[in-house]
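Asks: Quick one: the structure is below, and I'll ask about it shortly.
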Amino acid sequence: KQEVTQIPAALSVPEGENLVLNCSFTDSAIYNLQWFRQDPGKGLTSLLLIQSSQREQTSGRLNASLDKSSGRSTLYIAASQPGDSATYLCAAKGAGANNLFFGTGTRLTVIP
Amino acid sequence: DTEVTQTPKHLVMGMTNKKSLKCEQHMGHRAMYWYKQKAKKPPELMFVYSYEKLSINESVPSRFSPECPNSSLLNLHLHALQPEDSALYLCASSQDRLAVYNEQFFGPGTRLTVL
């Protein structure tokens, strides 16, 4: 069964810093990998989706990369802002499955 | 419109009550999902509907009963719940079950408390 891990579980950075969130998955046979943001008590907001044939996707200050062979994805956030404070979840879609395998999340705090 | 809406936002119910959660999307998506999320945990899949037919039931207790009246609506009927069922219930949709279209869009969730 696919296992998805996110390290660190929590991260605090000063405003303006660039940062990287990590996501590791055990089964490289994935169809795509999706990054979400979740504010406390709220639903998930889709940030970026990378298909298995792609290496990276960019949206504004966010850049996500995918390395299937090593079972890793990273989410790069440039020039962090206090409004970026949230929990970030990655989710891998495995071959033949209809659901997403979620990581446990990284709780990000950006300090003004 | 890339929005998934859910009602109610909050629900408090007793163990003998019957209630329903509602989810709606107008993106023309043909796959819809129910997830359950406990505090500080990732979402757990409960049900998947594809073209208005139940395609996946992740061994969910029968006190949870999903319904898909049409391609835009998804309901979750609740009956005789237990306090451990208290959680955030999330609805999601995607264009299709096919992987290439499987970006899932989530609603804001319903915070359920069972007394």
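The values are calculated or read from the model by the stated rules, or taken from the named source; none is laboratory data. Since we're looking at a predicted model, the values are computed, not measured. Cβ: placed from backbone, ideal geometry, glycine included. Neighbour counts: every protein chain shown. Heavy atoms of the whole protein, side chains included, go into the accessibility calculation; ligands, DNA and RNA do not. Shrake-Rupley method; radii C 1.70, N 1.55, O 1.52, S 1.80 Å.
Asks: Measuring from label point to label point, each 7 Å out along Cα→Cβ, what is the A:Thr109 to A:Glu56 span in nm?
Replies: It works out to 3.0 nm between the two label points.
Asks: Would you check the accessible area of A:Tyr31, probe 1.4 Å, heavy atoms only, in square angstrom rounded to 10?
Replies: 90
Asks: Here's a follow-up. Rg and Dmax of the range A:44-105, using alpha carbons, in Å: what are they?
Replies: My reading of the Cα-based Rg and Dmax gives 12.4, 39 Å.
Asks: How big is the Rg/Rh ratio for the protein assembly as shown, C-alpha atoms only, Rh by Kirkwood, two decimals?
Replies: Dividing the radius of gyration by the Kirkwood radius yields 0.97.
Asks: Additional query: To the nearest 0.05, what FRET efficiency results for B:Thr16 and B:Lys41 with a Förster distance of 35 Å applied to their C-beta separation? Show your work: numbers first, answer last.
Replies: Numbers: r = 27 Å, r/R0 = 0.78.
Calculated value: 0.80.
Asks: Find which of A:Ala86, A:Gln38, A:Leu108 sits farthest along the positive direction of the dipole of chain A, computed with +1 on the beta-carbon of Lys and Arg, -1 on that of Asp and Glu, about the Cα centre.
Replies: Going by the Cα projections, it comes out as A:Gln38.
Asks: Write down the accessible area per residue of the range A:1-97 in Å², having rolled a 1.4 Å probe over the full set of protein chains.
Replies: So the range A:1-97 comes to 46 Å² accessible per residue, rounded to a whole number.
Asks: Take the cross-link list A:Lys68/B:Lys53; A:Lys93/B:Lys18; A:Lys1/B:Lys22; B:Lys9/B:Lys38; A:Lys68/B:Lys9; B:Lys18/B:Lys53 and give me the ones stretching past 27 Å between alpha-carbons.
Replies: Distance filter (> 27 Å) returns A:Lys68/B:Lys53; A:Lys93/B:Lys18; A:Lys1/B:Lys22; A:Lys68/B:Lys9.
Asks: Continuing with the same structure: Give the cysteines in the protein assembly as shown for which no other Cys Cβ lies under 4.7 Å away, or write none if there are none.
Replies: If one checks each Cβ against the other cysteines of the protein assembly as shown, B:Cys68 turn up with nothing under 4.7 Å.
Asks: So for chain A, what percent of the C-alpha to C-alpha distances run longer than 18 Å?
Replies: In whole percent, the share of Cα-Cα pairs in chain A beyond 18 Å is 45.
Asks: So, one more: In what sequence, largest accessible area first, do A:Lys93, B:Lys40, B:Lys18 appear using a 1.4 Å probe?
Replies: B:Lys40, B:Lys18, A:Lys93
Asks: How compact is the range B:18-114 by the rule of thumb for globular proteins, expressed as Cα Rg over 2.2 N^0.38 Å?
Replies: 1.02
Asks: Check each residue of the range A:43-75 and keep those whose accessible area, probe 1.4 Å, is at least 30 Å² smaller with all protein chains in place than in the chain alone; give them in order of residue number.
Replies: SASA drop of 30 Å² or more in the range A:43-75: A:Gly43, A:Leu44, A:Ser46, A:Leu49, A:Gln51.
Asks: With a 1.4 Å probe, how much accessible area is buried between chains B and A, both sides summed, in Å² to the nearest hundred?
Replies: Chain pair B/A: roughly 1600 Å² of buried accessible area.
Asks: When the dipole is taken about the Cα centre of the protein assembly as shown, and only Lys, Arg (+1) and Asp, Glu (-1) are charged at their Cβ, what size is it in debye, to the nearest 20?
Replies: For this selection, approximately 420 debye.
Asks: Got a sec to turn the phi values of the range B:47-56 into Karplus ³J(HN,Hα) couplings, 6.51 cos²θ - 1.76 cosθ + 1.60 with θ = phi - 60°, whole Hz, x for Gly and Pro?
Replies: 9, 10, 10, 10, 6, 6, 10, 5, 10, 9
Asks: Rolling a 1.4 angstrom probe over the protein heavy atoms, how many square angstrom per residue are accessible across the range B:1-99?
Replies: Roughly 51 Å² per residue, with all protein chains present.
Asks: Kindly report, to the nearest 10 Å², the accessible surface of A:Ile7 as traced by a 1.4 Å probe over protein heavy atoms only.
Replies: Probe radius 1.4 Å; accessible area of A:Ile7 about 110 Å².
Asks: Would you work out what percent of the accessible area of the protein assembly as shown, with all protein chains in place, is carbon or sulfur (probe 1.4 Å)?
Replies: It is 50 percent, rounded to a whole number.
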